[in-house]
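Reviewing the structure listed below.
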Amino acid sequence: MEIAKFYPGINVIISSDPKINNLSPSLVGKTLITQTKTMGQYLGVLDITLSPKITWKSNYFALNNLERKKQINAHKIKSMQKQGGSQAELGLLQEEQAGIPAQMKKLQQRLKQQKGSSYQVEFVPVSEMLFEDSVVKAIID
């Protein structure tokens, strides 16, 4: 964040700090900052489309926040259902979760009409199904 503040000409900062978990992109000034953890469990994929005037589309970060909220809520709902949490609290969470797709659709429609830079991020779990490289295995062994 400090680098972005002191060097506003930098468009994107990608880090891999082992002390920080996966971090969805956030905007500091005009700099997009993101982070993927170095534990080898996820591959951070960032697809950026820069406009000639490097300004980020508005509502882009709100859409990203809703996506995160959707994932967090799904995890909370599943956990509450297993552990038998408060029915009132569970109902409120499910109601909130049900409204997120409509909010996201509205933001996506607005984004299509805007000009500016955009990004798409995905943290892809690295599967144990990947083939084993004999050269790498020999080095490790």
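No lab work stands behind these numbers, since they all come straight from the coordinates. For clarity, every value in this text was computed on a predicted model and none was experimentally measured. As a convention, Cβ positions derive from the backbone with ideal geometry for all residues, glycine included, and neighbour counts pool all protein chains shown.
Which label belongs to the value computed from this structure, given these candidates for Cα extents along the principal axes in Å: (1) 136, 29, 18; (2) 53, 48, 27; (3) 50, 38, 23? Here Cα extents along the principal axes in Å agrees with entry (2).
Placing unit charges on the Cβ atoms of the charged side chains and taking the dipole of the chain about its Cα centre, the candidate lying farthest along the positive direction among Phe61, Ile48, Ser86 is Phe61. Each residue of the stretch 44-49 was assigned a 3J(HN,Hα) from its phi angle through the Karplus expression (A = 6.51, B = -1.76, C = 1.60, θ = phi - 60°), giving x, 10, 10, 10, 10, 10 Hz with x at Gly and Pro. When the C-alpha to C-alpha distance is required to be over 20 Å, the pairs from Lys30/Lys57; Lys19/Lys78; Lys30/Lys106; Lys5/Lys30; Lys69/Lys105; Lys78/Lys106 that qualify are Lys19/Lys78; Lys30/Lys106; Lys78/Lys106. Near the amide H of Trp56, within less than 5 Å, lie the amide hydrogens of Ser117, all on another chain or at least 5 residues away, with H placed in the peptide plane.
Note on the chain: helix-only mean residue ellipticity at 222 nm, from DSSP H runs of 4+ residues weighted -39500 (n - 2.57) and normalised by residue number, equals -15000 deg cm²/dmol. Evaluating kT/(6 pi eta Rh) at 10 °C and 1.306 mPa s, with the Kirkwood radius of the stretch 1-66 over Cα pairs in the Stokes-Einstein relation, gives 123 µm² s⁻¹.
Counting only C-alpha contacts under 8 Å and six or more residues apart, can you give the relative contact order of the chain as a whole percent? Contact order relative to length: 28 percent.
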